Each structure stands twice: as structure tokens, then as C-alpha cells.
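A quick write-up on the structure given underneath.
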Amino acid sequence: MRRGKLRFLDYWLFVPYILLCMIGLVMVYSASSDIAVQNGGTPTGYLIKQGIYVVLGLIALIWMTAMNIDKWRHPIMLKSFFWIVVAMLVFVLIAGQSVNGAKGWINLGFMSIQPAEICKLLLILYLSDVFSKHQSTMSHGLRASVHEIDIFKMYIWVVVLIGLIVLQPDTGGAAINLSIVFVIVLASGINWKWGAGLLVTGTASLMIVLGPIASHIASSGSKGSYRLARFVAFANPFGTAKGAGNQLVNSYYAISHGGLFGVGLGNSIQKMGYLPEPNTDFILAIIAEEMGALFVMLILFLLGIIVVRTVWIGVRCQKTYESLICYGVATFFGIETFFNVGGVTGLVPITGVTFPFISYGGSSMLVLCASLGLVINISSQQKRSKMVDY
């Protein structure tokens, strides 16, 4: 990032992001070192990989911040991105790597790519472009014109994208992507009758067309038993503590053991093989055990700053395209945080959603950083325009 652009950098976004990534590196190392040794690796194995992901994520953020955001609206760029994501989503259904009952990863050897994560960024860019182009028409209702055709095409492709995620099956990924769609549609200025119609018919289409297929997948083999077990654990974790409820019960033990101030960095008991996925889905439970509930509140506060600041930037935007991007990114960060915290604390069924900027994972980190880079880019443009006005 060039020195001249640093004065336009939004530190309300950048500083919490850096702090979260640093906390994530420390906690991934603490949560994974014992598990890595038990699996035949080195204590620093996950730390080194996460460090690489953080650096790559920072590069993605700087790239998104520096580039002309309107380039993403170019038909060739947007269509190429779209078809690449569709191809990856189809590929994982055919030959993807299966993890925890979901066939959602493309194994590249040095890292695994999760197309459902990339789809979040695609939907934000795609929907923001379509709705901003036809805002004036949609506020009065759709007409039989090129505008209506574009919206109908968007409707079909959104159903296809989320449908492919449902078929993996990836409940958490599908729910977050669908939440992004809902918020952007509602924030687009579309006539409320047409907006409600799109949302209802889109959801109904997913249920009618994909419901029987997804139900068959969910009721067959290990995938079905795994997904059913998650709901059983949510409903009665202590009654199934030796089986389906094991993750949630051990998460409760970790949180209660930590109290307000924690037992000290590196001193977690639950990470010693008792709590599965201690460095990914349940890293927040390990943080609560080692660093305490107050430290968890600090992390949530840092994420809250990013989400609220992103919404505020969206409100101040003069361009609908940029506003919708901000609202989509804020939804992405907010809903992902809610699902992870809810799963760890038993407020919602466990969905396998990672904690933003903290959990171990390459795809998640890269997409989160690229999305935040878009918002920092928009914020920088606002600061630059304000200086020109003065």
C-alpha cells in the first residue's frame, strides 16, 4: 500500500482486523499444538499454515483496497468469477473432499479450498451490481423489460448457487449465503411487494426443487447420521454427552472452567483431545477457557466495531453499488459470528461455521480479508472525496 494512500486508510476497520488476526495466530497455536503432535505433526504445524493464510489474506486485503472497485462490475470479470465458482461447487459434489459429513472442499495439497466461502463474496458483488443498475425501475415495481429479465436471471442463478451448497450438504454455508441475499434484496430499494415475492419464491424454489434431494442425501449414510446427530445434540446435549452431545458438553466445560479471567494461555484441558476441532469451529471455547469470558467479550467488541463501521460506511455512500457491498459484507461478518458463537454456546445447532479472523482456515481467511478490503476501499474513496470537496 503506497504511503500516499495510508492517510485515507480506515483505521477503525484496519486496526481491529490486525488485532483479531494476531489473537487468532496465538490461539490457533495454543489450541492446536497438542492435537498436531497427537496426529504425528509438529506443535507449530498449524501455526505456520495459519501464518501463511494471514499473510495471504493481508495481500488480498491490500489488493482489494488498492484496485478500482468498479472493475468488478465489468461483465467479463463478473461472469468469469461467477462461472469459476459454479464450476468449483459442481466439482466438490462430484469429487470433493468430505469433512464432517459435508463434501465441500477441494484439496490442493498445501491447502483446501471451500467454494461455499468464495460464493459469499461472489453474491455480494453480483447482487450489488444487478440491483444498483436497476434501482430506479425496481422502486416502482418491475416491468416487462430488460430490467425484469436481469432480475429473473439473478433469481435463477442465486437459487442455483445456494442449491449447490445445500446439496453438499453445508447448512451453515447455505444459511450465511442466503442471509446475504436477503439483506441485499431488502436494502436495494426494490418495491417491497416485489422484494417479498423474490424472497418467498426463491426460498420456496429451494425447498421444492432441492428439498427431496437434500433430504435423501441427509438421510443416507454417514452424512445423514452426522447431521441428525447435530440436532439431537442441540436439543439434549447432556443426555447424549457420550455421543452426539460430546462437542457441546465439552464446550460448556471449557467456558465454565475459564470463568471471567481464564486459566491461563496454554492451560486448557478441553483441547487435549476432549473437544474436537479446537482450532477451528470451537476455538472460541478454548479462548474462553484459557483467557476468560472478558477476553471473549473483547474479541466480540473488536468484531462489532468492524460490523458497525461497515454499516455506517454503507449508509454514507452516495452510490447504491457501494452501499449494497457494505451491507452484504456486514451481514457476512455478523451472521458468521452469530452462528459460531451460537454453536459454541448451544444457542443454535452446530453448523461448522468458523469464527471470523480467529479460526484456523485458508479459504475463510482469504474471503474475509478480500471482503474487508472492499469496504476499506469504499471508505478510502469517501475520505478522498471529502478532502476534494473541502
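Output the number of residues of the range 334-345 satisfying the condition of being surrounded by fewer than 24 Cβ atoms within 10 Å (Cβ to Cβ) and within 24 Å of I118 (Cβ to Cβ).
6
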Could you say whether any residue in the range 72-88 is within 17 Å of V375 (Cβ to Cβ) and in contact (Cβ under 8 Å) with a residue 12 or more places away in the chain? yes
Using beta carbons and a limit of 8 Å, which pairs, at least six apart or on different chains, have the first residue in the range 249-266 and over 13 Å from L294 (Cα atoms) and open to solvent by 30 Å² or more (accessible area, probe 1.4 Å) and the second one at pLDDT 90 or above and outside any loop (DSSP other than H, G, I, E, B)? H257/E289; L265/V26; L265/S30; L265/E290; L265/M291; G266/S30; G266/E290
Among (1) at pLDDT below 60; (2) closer than 17 Å to V85 by Cα, the one test that R143 misses: (2)
Yes or no: the range 110-127 includes at least one residue that is among the aliphatic types (A, V, I, L, M), out of contact with any Ser or Thr (no Cβ under 9 Å at 6 or more places or on another chain) and surrounded by fewer than 17 Cβ atoms within 10 Å (Cβ to Cβ). no
Set L298, L302, L284: member being at pLDDT 90 or above, under 17 Å from V341 (Cβ atoms), in a helix (DSSP H, G or I) and open to solvent by 30 Å² or more (accessible area, probe 1.4 Å): L298
Count, please, the residues in the range 316-333 that happen to be open to solvent by 30 Å² or more (accessible area, probe 1.4 Å) and modelled with pLDDT of 95 or more. 1
Could you please let me know if G45 is open to solvent by 30 Å² or more (accessible area, probe 1.4 Å) and of a type outside the set (K, R)? no
Test result for G373, open to solvent by less than 10 Å² (accessible area, probe 1.4 Å), in contact (Cβ under 8 Å) with a residue 12 or more places away in the chain and part of a helix (DSSP H, G or I): yes
Within the set of pairs 6 or more residues apart or between chains, which connect a residue that is at positive phi inside the range 327-342 to a residue that is open to solvent by less than 10 Å² (accessible area, probe 1.4 Å) with Cβ atoms less than 7 Å apart? none
Could we say that I23 is under 30 Å from G109 (Cβ atoms), β-branched (V, I, T) and open to solvent by 50 Å² or more (accessible area, probe 1.4 Å) here? no
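The values are calculated or read from the model by the stated rules, or taken from the named source; none is laboratory data. Keep in mind that this is a model prediction, so the values were computed, not measured. Every residue, glycine as well, gets a Cβ built from its backbone with ideal geometry; the counts of neighbours run over all protein chains shown. SASA here: full protein model, heavy atoms, side chains in, ligands and nucleic acids out. Shrake-Rupley method; radii C 1.70, N 1.55, O 1.52, S 1.80 Å.
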